[in-house]
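In what follows, a structure is listed as structure tokens, so that the remarks can point back to it.
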Amino acid sequence: MDKIKQLFWIFLFSFLGEIVSLVIPFAVPGSVLGMILLFLALHFNVIKIEQVETVGTWLTDNMAIFFIPAGVALMTNFGLLGSIWLQLLLVMIISTAAMIAFVGIVVQFIMKRSEKKEAKNTKQSSPSQFQVKEGMSNG
């Protein structure tokens, strides 16, 4: 019975995501919106992790099963893909390179920002020379 309740919560948020997807004026998959809603519900303690943990773990452990229909669709449309394979390869290479560059820039920005904060914090917390010398003369 516990697993049925957990499935209910996951299906409920999936359904809510589909409804939101129909209502909003731009295209976002309902399954993505459902997972965002589920995340927000877990984050703000609307539901507890125990209410979806077992089924959620099973779903993520067996995620490969859900890629079978996409793989079969690719195989059935192999003739179409075979005629545009060069364009697909080019798009994959360019988008991968762009994503690597973007992530690298973001990481460098975050690292510089954290280094500045660390330098600022150590500068504020380090004792002045006067305090150190004064402490030495007392000992």
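Remarks
- Karplus 3J(HN,Hα) series, Hz, for region 76-84 with 6.51 cos²θ - 1.76 cosθ + 1.60 (x for Gly, Pro): 6, 9, 4, x, 5, 5, x, 7, 10
- Among 10-16, 67-73, the order from most to least packed when residues are scored by Cβ within 10 Å on average: 10-16, 67-73
- HN-Hα J in Hz across region 59-71 - Karplus 6.51, -1.76, 1.60, θ = phi - 60°, x for Gly and Pro: 5, 6, 5, 10, 4, 4, 4, 6, 8, 4, x, 5, x
- Anisotropy class assigned to region 1-42 is prolate, per the alpha carbon gyration tensor with a/c at or over the 1.5 cut-off and a/b larger than b/c.
- Phi angles of region 85-102 translate, via the Karplus equation with coefficients 6.51, -1.76, 1.60 and θ = phi - 60°, into HN-Hα couplings of 4, 5, 5, 4, 4, 4, 4, 5, 5, 5, 5, 5, 5, 5, 5, 4, 5, 4 Hz per residue; Gly and Pro are given as x.
- Cβ-derived FRET efficiency at R0 22 Å, Leu7 paired with Leu74, nearest 0.05: 0.15
- Rounded to the nearest 20 debye, the dipole size of region 52-132 about its Cα centre is 620 debye, using +1 on the Cβ of Lys and Arg and -1 on the Cβ of Asp and Glu.
- For the chain, size of Cβ-based charge dipole, Lys and Arg +1, Asp and Glu -1, in debye: 620 debye
- Region 6-79 shape via C-alpha gyration tensor axes, a/c threshold 1.5: oblate
- Global geometry of the chain, whether rounded, prolate or oblate, following the gyration tensor of its Cα atoms and the 1.5 cut on a/c: oblate
- Residues whose amide H falls under 5 Å from that of Ile47, counting only those 5 or more places apart or on a different chain, are Leu42, with hydrogens built in the peptide plane.
- Simple label model, 7 Å out from Cα along Cβ direction - Ile65 to Val28, nm: 2.9 nm
- Selection from His43, Leu86, Ile105 lying farthest towards where the dipole of the chain points positive, charges on Cβ: Ile105
Only the coordinates and a few stated rules stand behind these numbers; no lab work does. Quick caveat, the model's predicted, so the values are computed rather than measured. For neighbour counting, all protein chains shown are included, and Cβ atoms are generated from backbone atoms with ideal geometry for every residue, glycine included.
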